[in-house]
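Undergrad: Here's a structure for you.
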Amino acid sequence: MPTITLHLNSNKQLDGISERDQKAYAKFKHRIANLGEESIAFSYNSPRSGPYHRRFFVQINALFEAQEQFQDDEMFRKWLTVGAGYAEFCPSSTGKMCAIPKSIAYDKLDQQEFQDIHDKIFEFARSEHARRFLYPHLSDGVSLNMINAILMEFETER
């Protein structure tokens, strides 16, 4: 399925942003004009804030650098995503349910959806369960102070 990036041109008309997009959009409009009894499905997304997206990953990286349980930053992010409840569940090879994190890719979520996931991820990171796993050698109060110190630096910019 083609992806077409559109914008309002100088005549305030919807148009493809590149030559490839313009050609694909022309085909799409032709298809709609000649639809007849058929149906057509399409989806769209509104891009989310680039600075917000980048800041999220800086926050995740800061948390990753301050913990000792994970060696891989992608696995750490997936763990946080599952902990935030943004996952699908399916039976594992043993028959037990297994959480698989959903994608938080830039083109998969709009700004509001991403903000909701963002908030839930950092709520989970502050949870007793997450802190005890990430910092088993620290008391609950010290681990909470550590997480808050890392995240508060970014949250004032929101």
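Undergrad: Check whether at least one residue in the range 91-102 is among the charged types (D, E, K, R), surrounded by fewer than 17 Cβ atoms within 10 Å (Cβ to Cβ) and not in a loop (DSSP other than H, G, I, E, B), and report yes or no.
TA: no
Okay, residues lined up against (1) modelled with pLDDT under 95; (2) of a type in the set (Phe, Trp, Tyr):
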{"position": "50", "(1), (2)": "yes, no"}
{"position": "69", "(1), (2)": "no, no"}
{"position": "76", "(1), (2)": "no, yes"}
{"position": "88", "(1), (2)": "no, no"}
{"position": "92", "(1), (2)": "yes, no"}
{"position": "106", "(1), (2)": "yes, yes"}
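Undergrad: Sort out which residues of the range 18-57 are surrounded by 12 or more Cβ atoms within 10 Å (Cβ to Cβ) and either touching a helix residue (DSSP H, G or I) at 6+ places or on another chain (Cβ under 8 Å) or in contact (Cβ under 8 Å) with a residue 60 or more places away in the chain (or both), and write them in order of number.
TA: Answer for the range 18-57, where residues must be surrounded by 12 or more Cβ atoms within 10 Å (Cβ to Cβ) and either touching a helix residue (DSSP H, G or I) at 6+ places or on another chain (Cβ under 8 Å) or in contact (Cβ under 8 Å) with a residue 60 or more places away in the chain (or both): 45, 48, 49, 52, 53, 55, 56.
Undergrad: So, one more: Just for helices (runs of 4 or more DSSP H) wholly inside the range 6-83: which have at least 1 residues that are within 18 Å of the chain's Cα centre (by Cα) and of a type in the set (D, E, K, R)? Break it down into steps so the answer makes sense when it comes.
TA: On the way: elements: 19-33, 50-65, 73-83.
The helices (runs of 4 or more DSSP H) meeting that bar are 50-65, 73-83.
Undergrad: Look through 54, 31, 20 and report the one residue that is at pLDDT below 90 and either more than 19 Å from residue 150 (Cα to Cα) or of a type in the set (S, T, N, Q) (or both). Explain how you work it out, then say what you get.
TA: Working: 54 fails: either more than 19 Å from residue 150 (Cα to Cα) or of a type in the set (S, T, N, Q) (or both); 31 fails: at pLDDT below 90.
Every option except 20 fails the conditions.
Undergrad: Only one residue in 124, 154, 114 is in contact with a helix residue (DSSP H, G or I) (Cβ under 6 Å, 6 or more places away or on another chain), outside any loop (DSSP other than H, G, I, E, B) and modelled with pLDDT under 95. Which one?
TA: Working: 124 fails: modelled with pLDDT under 95; 114 fails: in contact with a helix residue (DSSP H, G or I) (Cβ under 6 Å, 6 or more places away or on another chain).
Every option except 154 fails the conditions.
The values are calculated or read from the model by the stated rules, or taken from the named source; none is laboratory data. These numbers come from a predicted model, not from an experiment. Backbone-built Cβ (ideal geometry, glycine too); neighbour counts: all protein chains shown.
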